[in-house]
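Peer 1: One structure, as structure tokens, below. Some questions next.
The values are calculated or read from the model by the stated rules, or taken from the named source; none is laboratory data. Model, not experiment: these values are computed from the prediction. We place every Cβ from the backbone using ideal geometry, glycine too, and count neighbours over all the protein chains shown.
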Amino acid sequence: MALLRCSKIQVDRAYSRAIYVLTFLKKLMNITGMSEQWVTAQIKQKGDSKCIPWKNLKDIILAHLDTKKRVDVFALSIYGLVAFPKA
């Protein structure tokens, strides 16, 4: 972290930035356990944001050999349906 001299910086406020933030692609790769090529092929553009269709997540849940990954993908699916019902 570095301190900068900037006229817009408030003295009594702490400013920080995460050093490493995973991209949407990398997060999906970690959650699903699938390759970068597979995840890239499944991502669809909806308006301003990117998403992965429910059908693709359902296929992973039914076919993935790793039970922990199946649960992770199922949780991601529920989160997506609850938090973003129109997506």
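Peer 1: If you go through region 68-87 one residue at a time, do you hit one that is loosely packed, with under 13 Cβ neighbours inside 10 Å, modelled with pLDDT under 80, more than 18 Å from residue 27 (Cβ to Cβ) and basic (Lys, Arg)?
Peer 2: yes
Peer 1: For region 59-73, indicate whether the set of residues that are in a loop (DSSP other than H, G, I, E, B) and closer than 19 Å to residue 23 by Cα is non-empty.
Peer 2: no
Peer 1: List every residue pair whose Cβ atoms lie under 8 Å apart, where the two residues are 6 or more positions apart in sequence or sit on different chains, the first residue falls within region 30-49 and is among the aliphatic types (A, V, I, L, M), and the second residue, located anywhere, is assigned to a strand (DSSP E or B).
Peer 2: Close Cβ pairs (under 8 Å, with a partner that is assigned to a strand (DSSP E or B)) amount to 43/50; 43/51.
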